[in-house]
Ligand SMILES: C[S@@+](CC[C@H](N)C(=O)[O-])C[C@H]1O[C@@H](n2cnc3c(N)ncnc32)[C@H](O)[C@@H]1O
């Protein structure tokens with residue numbers, strides 16, 4: 001996924017409406033998790049590829065940040081299970097657990113355990129939760145391209161202040177009320193400038209829960225995601241839609257994957273507030289450059305070169321952020 005807003009169709013201010021107006025946050029949540037929602041009916045591989053599906057390079061880097069003595073890796077929002085499938089061969093002595101609201105992917109290696117669980121963005125809680133996924137000491141909890149899918153409020157500047165953006169069933173937009181007090185405080189701290197923005201508060205909450213659980217057991221949490229920092233937030237925000245391999249118009253109909261980049265500095269602050277240390281905050285291009293090549297024949301070396309090129313190219317996966325927090329040992 002790339003984070004550039006689609007050039008067309010432009011949002012239509014409320015002239016023609018196909019249904020009831022709701023905040024984007026409410027509409028996005030229903031479009032993602034309702035009975036006909038995208039994540040209730042679709043699988044990631046049917047619509048886009050992520051870096052862990054390209055080859056084993058990301059998994060090799062992930063294996064390198066497992067805490068010393070760590071005996072369990074949990075992939076949160078594990079999707080089609082690509083990361084865990086690569087880790088099976090690299091970490092044969094480590095328990096591997098996939099967590100996702102969807103069912104276990106068919107054909108996933110039997111050495112990988114799977115927990116169906118759902119994180120509710122409205123309450124900030126899981127049904128089961130990190131402490132119920134595994135009891136292993138010093139776990140590594142990984143959220144690879146998960147946080148950007150968690151629905152958040154979309155806001156637009158109107159006169160001098162932020163207002164929520166509302167949407168109808170067809171994707172037409174209009175300016176709504178002022179954001180809730182917590183969202184206004186988040187915007188004032190993390191995204192004060194710009195024409196449009198997304199309020200990352202729900203991602204901060206979700207991330208802090210993972211970090212807290214990891215640190216309590218001497219472990220770490222790793223987020224790998226599209227994002228931005230203060231000073232380089234896109235003026236028009238990063239909210240967009242994907243479907244069937246292409247960028248689409250953002251319509252809350254459950255047929256497209258709605259996504260927005262993660263404010264990685266806000267995420268880092270939320271993790272540190274749990275007592276964790278920040279061990280790494282760096283673009284993927286730099287993280288993967290440090291991973292050595294395994295010995296390979298000519299064909300293997302060629303495959304590896306093209307995998308590394310795709311995963312480090314800035315217009316593909318190279319500008320994903322890696323945020324590692326937790327126990328320093
Ligand atoms: C973009 S896919 C990423 C899959 C995988 N991590 C990868 O990088 O290929 C996001 C995954 O998160 C899951 N997901 C989204 N929201 C969730 C939630 N609130 N609770 C649990 N799983 C969720 C979806 O079912 C989907 O499998």
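Is it true that some residue in the range 121-135 is more than 18 Å from residue 65 (Cβ to Cβ), more than 9 Å from the ligand (Cβ to nearest atom) and more than 21 Å from the chain's Cα centre (by Cα)? Yes, the range 121-135 contains a residue that is more than 18 Å from residue 65 (Cβ to Cβ), more than 9 Å from the ligand (Cβ to nearest atom) and more than 21 Å from the chain's Cα centre (by Cα).
Name the single residue that is farthest from residue 70 (Cα to Cα) among those in the range 185-209 being in a loop (DSSP other than H, G, I, E, B) and in contact (Cβ under 8 Å) with a residue 12 or more places away in the chain. It comes out as 195. Only one entry of 212, 233 meets the criterion of being outside any strand (DSSP E or B), within 18 Å of residue 75 (Cα to Cα) and within 20 Å of the chain's Cα centre (by Cα), and that entry is 212. Taken as a whole, the condition of being surrounded by 18 or more Cβ atoms within 10 Å (Cβ to Cβ), in contact (Cβ under 8 Å) with a residue 60 or more places away in the chain and touching a helix residue (DSSP H, G or I) at 6+ places or on another chain (Cβ under 6 Å) does not apply to residue 238.
Hey, does the range 139-156 have a residue that's surrounded by fewer than 17 Cβ atoms within 10 Å (Cβ to Cβ) and either at positive phi or in a loop (DSSP other than H, G, I, E, B) (or both)? Checked the range 139-156: no residue is surrounded by fewer than 17 Cβ atoms within 10 Å (Cβ to Cβ) and either at positive phi or in a loop (DSSP other than H, G, I, E, B) (or both). With a requirement of 3 or more residues that are touching a strand residue (DSSP E or B) at 6+ places or on another chain (Cβ under 8 Å) and away from the ligand (no atom under 13 Å from the Cβ), the helices (runs of 4 or more DSSP H) lying completely within the range 23-69 that satisfy it span 24-33.
Filtering the range 215-230 to residues that are at negative phi and over 19 Å from the mean Cα position of the chain (by Cα) leaves 215, 216, 217, 219.
Residues being within 19 Å of residue 254 (Cα to Cα) and within 11 Å of the ligand (Cβ to nearest atom) are represented in the range 92-100 by at least one member.
Among the residues of the range 4-20, none qualifies, meaning not one is at pLDDT below 90, within 11 Å of the ligand (Cβ to nearest atom) and touching a strand residue (DSSP E or B) at 6+ places or on another chain (Cβ under 7 Å). Restricting attention to the range 81-95, does a residue exist that is crowded, with 20+ Cβ neighbours inside 10 Å, in a strand (DSSP E or B) and within 21 Å of the chain's Cα centre (by Cα)? Scanning the range 81-95, I find no residue that is crowded, with 20+ Cβ neighbours inside 10 Å, in a strand (DSSP E or B) and within 21 Å of the chain's Cα centre (by Cα), so the answer is no.
Residues are listed down the side, and each one gets a yes or a no for (1) under 20 Å from residue 220 (Cα atoms); (2) touching a helix residue (DSSP H, G or I) at 6+ places or on another chain (Cβ under 8 Å); (3) more than 16 Å from the ligand (Cβ to nearest atom):
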site	(1), (2), (3)
109	no, yes, no
116	no, no, no
142	yes, yes, no
146	yes, no, no
159	no, no, yes
179	no, yes, yes
182	no, yes, yes
186	no, yes, yes
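The values are calculated or read from the model by the stated rules, or taken from the named source; none is laboratory data. These figures come from a predicted structure and were not determined experimentally. Ideal geometry is used to build each Cβ from the backbone, glycine not excepted, and the neighbour counts take in all protein chains shown.
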